[in-house]
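The values are calculated or read from the model by the stated rules, or taken from the named source; none is laboratory data. Quantities reported herein were computed from a predicted structural model and do not represent experimental measurements. Cβ sites come from the backbone with ideal geometry, for glycine too, and all protein chains shown count toward neighbours.
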Amino acid sequence: MKKLVPLMLLLVLFSCRDKEPEEDQVKSPQLEVNLYANYEGQALSFSDIYLTQEGYRIQFNKFNFILTEFSDGNNKLFESAVYKYDDRPHLVRRIDGDYTKFNNLSGYLGVPESQNHRDPAARPLTDPLNIMNTGDMHWGWNPGYIFLMIEGRIDTTGVEGNPLSQFFLYHVGFNPFLRGLAFNDIAWLKKSDDLHELRIGVDMAKVFNGNETVDIKNERSSHTNPGEEPLSEKIIANFIDALFLLD
């Protein structure tokens, strides 16, 4: 009399036979674009208080931006990336790719006009520019995206121990404020056999004391509305100048 092999045993045998060993599976090479923010050389932290060039005590509580169309010639690194310090202090974007194809990169801080006024809710959920991913980085369908968002608190009395009772807020957007970015002679850092990292630094102190001086006591807010454009121009220009490649 033939014995019946239990069904569950057959399933296990076939499953084991068809499954390839994990060590035989080829992993796709991946790339990370990471940001390392500092304030005059001290790593940025929302819990720390820093001093401005005027001696004001300052603390950050929001730092976001959008990058788009990053490529090396015809080699596209990514179409868009939304960076939020609150979500991930370093990671800008992680993608599949070969680092040897990206020695020089150019793209935009902000969203080009052709994409800026599309309905963000109609984008695929996997798109960083979908409204579920950008959140407060979008003003609404008509104005478009906020390209750069920096917020925090400040005490301008110069008295140690006084509360940081004033707020600063810079929301830079609208089509005229789209700005080009370029990083050349990139030295990708090998983190593992299948992961390489592009390290970008930014000195947040230079947002206020870069090529354009921001009088933070009297220039504490801009939504890039009419009349606020000069301040937004200073903020975004200083921010771009504060970016640099890390070794």
Q: Looking at (1) within 18 Å of the chain's Cα centre (by Cα); (2) at pLDDT below 95, find the lone condition where Arg179 falls short.
A: (2)
**Q.** Scope segment 109-126; condition in contact with a helix residue (DSSP H, G or I) (Cβ under 7 Å, 6 or more places away or on another chain) and either over 22 Å from Asn225 (Cβ atoms) or among the basic types (Lys, Arg) (or both); matching residues
**A.** Ala121, Leu125
Q.
For the structure I just gave you, tell me whether Arg93 is under 23 Å from Ser165 (Cβ atoms), surrounded by 14 or more Cβ atoms within 10 Å (Cβ to Cβ) and in contact with an Asp or Glu (Cβ under 8 Å, 6 or more places away or on another chain).
A. no
Q: Being surrounded by 16 or more Cβ atoms within 10 Å (Cβ to Cβ) and among the basic types (Lys, Arg) is the filter; apply it to segment 180-237 and report the residue that is nearest to Lys76 (Cα to Cα).
A: Arg199
Q) Of the residues that make up segment 52-72, is at least one exposed (fewer than 13 other Cβ atoms within 10 Å of the Cβ) and without any contact (Cβ under 8 Å) to a residue 40 or more places away in the chain? A) no
Q) Could you count how many residues in segment 52-90 are within 17 Å of the chain's Cα centre (by Cα) and in a loop (DSSP other than H, G, I, E, B)? A) 6
Q: Could you list all residues from segment 138-179 that are more than 26 Å from Ile49 (Cβ to Cβ), buried (at least 16 other Cβ atoms within 10 Å of the Cβ) and hydrophobic (A, V, I, L, M, F, W, C)?
A: Phe147, Phe174, Phe177, Leu178
